[in-house]
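Asker: Here it is, the structure, as structure tokens.
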Amino acid sequence: VVDDGSGRSTWHQINRNYLGFPDGVHATALRELGETQARKYGVDFLDARAVSVTAEGTDRDKLFVLQTTRGTLKGRTLMLATGVSDSFPEFEGSDECIGKSMFWCIFCDGYEATGQRVVVLGHDDHAAALALQLLVFTDQVVLVAGDEPLTIGEERLRAVRDHGIEMHDCGCEVFQCAGEGRLEALRLASGKEISLDMLFVAQHAEPNSQLAKELNIATSEEGYIVTDAEQATSVEGVYAAGDVTRLHSHQITSAVHEGAMAAAAVNHYLYDEWQRD
Ligand SMILES: Cc1cc2nc3c(=O)[nH]c(=O)nc-3n(C[C@H](O)[C@H](O)[C@H](O)COP(=O)(O)OP(=O)(O)OC[C@H]3O[C@@H](n4cnc5c(N)ncnc54)[C@H](O)[C@@H]3O)c2cc1C
């Protein structure tokens, strides 16, 4: 496993919707449990960045050659589970806020917003929809445009107004962090200050599919790696799992399901002809 420890599972969130952890499990603790478990079965972990990949040979002799920041690795199969990159606002103490007071996913953290003061940061229909959806949990929702001016469709705008959501069309000047990851207020360019308990960033994540593109693997319009039901990509021997495979359902449960499907398919692929059923 080549991993540079920069993904979504490296922030401060407690995952409360993953089966088997009734009190939730910290994202990094789950990573450590997984690593300990895999090491017991002989898996090696390389703390490095994969920078490029090529394929050499054909058919059963095909090998994938992965260049990493700590050397070259070769394998008969390649599984891409590179996740996505988020674009959270950056300010002093922002890293510590991610997963503690700064979020993006209503499925993951909406319930925690119950009765809280929530600000949604974003300028488009997606941001407006997120603000409206959060009304399920709290009536204290404010929508603040980010770096760009509000561009919300007429119908959606009407819904936002009709449901009493306060809107501000000027970006945030200052994010006030009380320390220990607790974002407590935003100051807008207009000078107005908004107190909050949780910030939901209505961002559009970027799939980390550069390695797939180097192998000419098919990707969707948004850049996600296209797979079949067994997580095989359009290039034989390459599989993909997790957030990098689809626009929706960015959840640990989905990533684990796809990882299990891919692992079973890889296992079968690696059997010799006389072993296959
Ligand atoms: C704030 C926050 C709260 C969340 N809350 C929840 C929740 O409550 N419940 C839930 O189910 N989900 C939650 N999620 C989503 C969940 O974290 C993701 O769905 C899950 O981590 C996806 O797993 P993944 O393995 O596909 O990607 P990731 O966890 O992002 O892992 C990808 C890995 O690939 C590595 N990588 C990428 N490119 C390279 C490269 N070129 N070389 C080396 N390594 C590389 C990264 O370092 C990273 O370790 C949350 C996410 C965030 C950010």
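The values are calculated or read from the model by the stated rules, or taken from the named source; none is laboratory data. Predicted model, so just to flag it, every value in this text is computed and none were measured. Please note: Cβ atoms are built from the backbone with ideal geometry, for glycine as well, and neighbour counts cover all protein chains shown. Ligands, DNA and RNA are excluded from the accessible area calculation, which covers all protein heavy atoms including side chains. Shrake-Rupley method; radii C 1.70, N 1.55, O 1.52, S 1.80 Å.
Asker: Among the residues of the stretch 110-129, which ones are more than 16 Å from the ligand (Cβ to nearest atom), open to solvent by 40 Å² or more (accessible area, probe 1.4 Å) and touching a strand residue (DSSP E or B) at 6+ places or on another chain (Cβ under 7 Å)?
Answerer: Within the stretch 110-129, just Arg117 meets the criteria.
Asker: Quick test for you: out of Ser85, Ser101, Ser94, pick the one residue that is open to solvent by 40 Å² or more (accessible area, probe 1.4 Å), among the polar types (S, T, N, Q) and touching a residue at least 12 places away in the same chain (Cβ under 8 Å). Full working, then the answer.
Answerer: Numbers: Ser101 fails: open to solvent by 40 Å² or more (accessible area, probe 1.4 Å); Ser94 fails: open to solvent by 40 Å² or more (accessible area, probe 1.4 Å).
When all the criteria are applied, what remains is Ser85.
Asker: Kindly indicate which of Val238, Val244 is in contact with a Gly (Cβ under 8 Å, 6 or more places away or on another chain) and either at pLDDT 95 or above or closer than 28 Å to Leu19 by Cβ (or both). Step through it out loud before you land on a result.
Answerer: Values: Val238 fails: in contact with a Gly (Cβ under 8 Å, 6 or more places away or on another chain).
Answer to the selection: Val244.
Asker: Okay, next question. Does the stretch 228-238 contain at least one residue that is acidic (Asp, Glu), under 22 Å from Leu121 (Cβ atoms), more than 15 Å from the ligand (Cβ to nearest atom) and not in a helix (DSSP H, G or I)?
Answerer: Keep residues of the stretch 228-238 that are acidic (Asp, Glu), which gives 228, 230, 236.
Filter once more, keeping what is under 22 Å from Leu121 (Cβ atoms): none.
Checking the stretch 228-238: not a single residue is acidic (Asp, Glu), under 22 Å from Leu121 (Cβ atoms), more than 15 Å from the ligand (Cβ to nearest atom) and not in a helix (DSSP H, G or I).
Asker: Hey, another quick one. Has the stretch 97-109 got any residue that is over 22 Å from the mean Cα position of the chain (by Cα) and either more than 16 Å from the ligand (Cβ to nearest atom) or in a loop (DSSP other than H, G, I, E, B) (or both)?
Answerer: no
Asker: For the condition open to solvent by 60 Å² or more (accessible area, probe 1.4 Å) and touching a residue at least 24 places away in the same chain (Cβ under 8 Å), what is the one hit in Arg60, Arg76?
Answerer: Details: Arg60 fails: touching a residue at least 24 places away in the same chain (Cβ under 8 Å).
Answer to the check: Arg76.
Asker: Does Val174 meet the test of being in contact with a Leu (Cβ under 6 Å, 6 or more places away or on another chain), within 18 Å of Ser87 (Cα to Cα) and in contact (Cβ under 8 Å) with a residue 40 or more places away in the chain? Can you show your working first?
Answerer: Details: in contact with a Leu (Cβ under 6 Å, 6 or more places away or on another chain): no; within 18 Å of Ser87 (Cα to Cα): yes; in contact (Cβ under 8 Å) with a residue 40 or more places away in the chain: yes.
In short, no.
Asker: Can you name the residue in the stretch 1-26 that is in a loop (DSSP other than H, G, I, E, B) and more than 8 Å from the ligand (Cβ to nearest atom) and is also surrounded by the most Cβ atoms within 10 Å (Cβ to Cβ) among such residues?
Answerer: Within the stretch 1-26, the subset in a loop (DSSP other than H, G, I, E, B) is 1, 3-7, 11-13, 16-24.
Now drop any that are not more than 8 Å from the ligand (Cβ to nearest atom), which leaves 1, 19-23.
Details: Val1: 13, Leu19: 8, Gly20: 5, Phe21: 15, Pro22: 7, Asp23: 6.
Only one residue fits best here, namely Phe21.
Asker: Would you confirm whether any residue within the stretch 31-52 is more than 9 Å from the ligand (Cβ to nearest atom), within 28 Å of His268 (Cα to Cα) and touching a Lys or Arg at 6+ places or on another chain (Cβ under 6 Å)?
Answerer: No; the residues of the stretch 31-52 include none that is more than 9 Å from the ligand (Cβ to nearest atom), within 28 Å of His268 (Cα to Cα) and touching a Lys or Arg at 6+ places or on another chain (Cβ under 6 Å).
Asker: While we're here: State all residues of the stretch 214-227 that are within 12 Å of the ligand (Cβ to nearest atom) and open to solvent by 20 Å² or more (accessible area, probe 1.4 Å); if no residue qualifies, say none.
Answerer: Restricting attention to the stretch 214-227, the residues satisfying the condition of being within 12 Å of the ligand (Cβ to nearest atom) are 214, 224-225.
Within the stretch 214-227, Glu214 is the sole residue that qualifies.
Asker: Residue by residue through the stretch 27-41, note down the ones that are open to solvent by less than 60 Å² (accessible area, probe 1.4 Å) and not aliphatic (A, V, I, L, M). Break it down stepwise before answering.
Answerer: Our first condition is that a residue be open to solvent by less than 60 Å² (accessible area, probe 1.4 Å); within the stretch 27-41, this holds for 27-30, 34, 38.
Of everything in the stretch 27-41, those that are open to solvent by less than 60 Å² (accessible area, probe 1.4 Å) and not aliphatic (A, V, I, L, M) turn out to be Thr28, Gly34.
Asker: Across the stretch 189-213, what is the total count of residues that are of a type in the set (Gly, Ala, Ser), more than 10 Å from the ligand (Cβ to nearest atom) and surrounded by 14 or more Cβ atoms within 10 Å (Cβ to Cβ)? Steps first, answer last, please.
Answerer: Narrowing the stretch 189-213 to residues of a type in the set (Gly, Ala, Ser): 189-191, 195, 202, 205, 209, 212.
If we keep only those that are more than 10 Å from the ligand (Cβ to nearest atom) too, we end up with 189-191, 195, 202, 212.
In the following step, the residues that additionally are surrounded by 14 or more Cβ atoms within 10 Å (Cβ to Cβ) were identified as 202, 212.
The qualifying residues number 2.
Asker: Kindly evaluate Glu214 against the criterion of being touching a Ser or Thr at 6+ places or on another chain (Cβ under 7 Å) and closer than 17 Å to Ala81 by Cβ.
Answerer: For Glu214, the condition - touching a Ser or Thr at 6+ places or on another chain (Cβ under 7 Å) and closer than 17 Å to Ala81 by Cβ - is met.
Asker: Right, next: Inspect the stretch 175-188 for any residue being on the phi < 0 side of the Ramachandran plot, among the aliphatic types (A, V, I, L, M) and open to solvent by 50 Å² or more (accessible area, probe 1.4 Å) and give the result as yes or no. Show your work before the answer.
Answerer: So the first thing to find is which residues in the stretch 175-188 are on the phi < 0 side of the Ramachandran plot, and the list is 175-178, 182-188.
Filter again for among the aliphatic types (A, V, I, L, M), leaving 178, 183, 185-186, 188.
Then keep just the ones that are open to solvent by 50 Å² or more (accessible area, probe 1.4 Å); that gives none.
So far as the stretch 175-188 goes, no, none of its residues is on the phi < 0 side of the Ramachandran plot, among the aliphatic types (A, V, I, L, M) and open to solvent by 50 Å² or more (accessible area, probe 1.4 Å).
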